[in-house]
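Here's the structure, in structure tokens; my notes come after.
Derivation of every value follows stated rules applied to the coordinates shown; laboratory data play no part. Everything quoted here is computed from the prediction, not taken from an experiment. Every residue, glycine as well, gets a Cβ built from its backbone with ideal geometry; the counts of neighbours run over all protein chains shown.
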Amino acid sequence: MKKIGVLTSGGDAPGMNAAVRAVVRKAIYHDLEVVGVHQGYQGLIEGKFRSLELGDVGDIIQRGGTMLHSARCLEFKEESGQQKAIDQMKREGIEGLVIIGGDGSYRGALALTEKGFPAVGIPGTIDNDIRGTDYTIGFDTASNTVIEAIDKIRDTATSHDRTFIIEVMGRDAGDIALWTGLAGGAETIVIPEETFNLDEIVYRLQRGKERGKKHSIIVVAEGVMSGTELKVELGKRGIDTHVSVLGHMQRGGSPTVRDRVLASMMGAHAVELLMQDIGGRAIGIRNKSVVDYSFSEVFESVHVLDEAMYKLSKELSI
Ligand code: ADP
Ligand code: F6P
């Protein structure tokens, strides 16, 4: 391979820039040309290409967001859209593609691979919901953003003897809620992977009150219900709460060391695969080692929550 493309797709995540930088620098180090695709699969279909040199990825490793911009593109879900993208890449002389994104983006990568175009995937999403990798790029930064918010809310919750519901991101996965809930000492963590029981939440709050606890933190993953909906339900049961929705601030900010290192290692590995003409692989980290595995492995089963961690969070919040 002489020329490869790189794009970021789906929800952005801190560390995507570090991954783009690693792809570009590693490729150029090995005498490959790199083309950056603007706005994910949409840009691929429209041929929004730009050649990337060493200097183009300078001063981005510390920046949140993605210099290539991201998009969600319905047209790419259709075969015709995928074929248009392949035709554009062929015209440009691109022989392999690195896709940095979440599981939706991986489905697009699989579609390209099945059409004979070599694509490799780097897990870039704050949700940490991609099967086969211990961590995704952005999860650590987002979790640290959330914990900063929880700590601040706890200060005011304590001063006013209030119960706060903090709604965090996580459409289908509760990792952000679980990790930050545990780290932030939340009394209750509500996540999509576990049965949701309002009576249990009420019981836990009342139990705390009986032993003199005057404030509480409930962390809810948006995929279960909104913070406001939970407030209404608890209100019906005589419990007054305040709601804080953290929203898209969780997706921004300078990436942590962990996310930058992860992104650098994964970006380099993606290039190594393409240099060997290997496509159809998802990149991950398992027990500190970078690994690659087939896209079908990603979709064969659902993301598994760390049950032991969930159990621990309950034990520590009695
Ligand atoms: P993420 O990658 O963060 O999970 P999305 O689920 O929105 O974000 O997916 C990003 C993009 O990937 C979509 O806008 C679409 O262009 C592409 N995509 C998603 N699902 C498929 C699919 N089944 N086939 C082909 N492309 C897909
Ligand atoms: O997949 C990442 C994510 O941030 C989810 O946690 C969230 O549900 C979703 O993207 C929000 O997407 P959008 O930015 O399109 O509203």
Can you tell which of A308, T228, I99 lies farthest toward the positive end of the dipole of the chain, using +1 and -1 charges on the Cβ of basic and acidic side chains (Lys, Arg; Asp, Glu)? T228
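Assign unit charges at the C-beta atoms only (+1 for Lys and Arg, -1 for Asp and Glu), then state the dipole size of region 251-318 relative to its Cα centre in Debye, rounded to the nearest 20.
Values: 8 positive and 9 negative charges, 69 e Å.
About 340 debye.
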Cross-link partners among lysines for K48, C-alpha distance below 28 Å, same-chain residues fewer than 8 apart left out? K2, K3, K26, K77, K84, K90, K115
Charge sum, other residues only, whose C-beta stays under 13 Å from D161's C-beta, Lys/Arg counted +1 and Asp/Glu -1: +3
For the chain, size of Cβ-based charge dipole, Lys and Arg +1, Asp and Glu -1, in debye: 540 debye
How would H248, H242 line up from fewest to most surrounding beta-carbon atoms within 10 angstrom? H248, H242
So the angle from the long Cα axis of helix 198-210 to the longest Cα principal axis of the chain, reported in degrees to the nearest 10, equals 50 degrees
With Cα springs under 10 Å, the Gaussian network model of the chain assigns the largest mean-square fluctuation among Y29, Y293, Y106 to Y29
Only Cα pairs within less than 10 Å get springs; with that Gaussian network setup on the chain, which residue of R50, R25, R107 has the largest fluctuation? R50
Which of I218, I137, I278 moves most in a GNM of the chain, Cα contacts under 10 Å? I278
Any aspartates and glutamates with Cα under 14 Å of the K311 Cα? List them, leaving off those in the same chain fewer than 8 positions away. D175, E187, E193, E194
The distance between the Cα centres of region 166-194 and region 243-318, in whole Å, is 17 Å
Run the dipole for region 140-251 about the Cα centre, Lys and Arg Cβ at +1, Asp and Glu Cβ at -1, nothing else charged, and hand back the magnitude in debye, nearest 20. 480 debye
Against the longest principal axis of the chain, how steep is helix 16-29, in degrees 0 to 90 to the nearest 10, with axes from Cα atoms? 30 degrees
Whole-number D in µm² s⁻¹ for the chain, Kirkwood Cα-pair radius fed into Stokes-Einstein, 20 °C, 1.002 mPa s: 105 µm²/s
Radius 9 Å from Cβ of H38, net charge of other residues (Lys, Arg +1; Asp, Glu -1): +1
Which distance in Å, rounded to a whole number, links the C-alpha centroids of region 198-217 and region 93-112? 47 Å
Summing -39500 (n - 2.57) over the DSSP H runs of n ≥ 4 in the chain and dividing by its residue number, what mean residue ellipticity at 222 nm do you reach, to the nearest 500 deg cm²/dmol? -13500 deg cm²/dmol
The answer for the net charge of residues other than Y135 whose Cβ lies under 10 angstrom from its Cβ, with Lys and Arg +1 and Asp and Glu -1, is -2
For the pair V232/L312, report the inter-label distance in nm, with labels modelled 7 Å from Cα in the Cβ direction. 3.6 nm
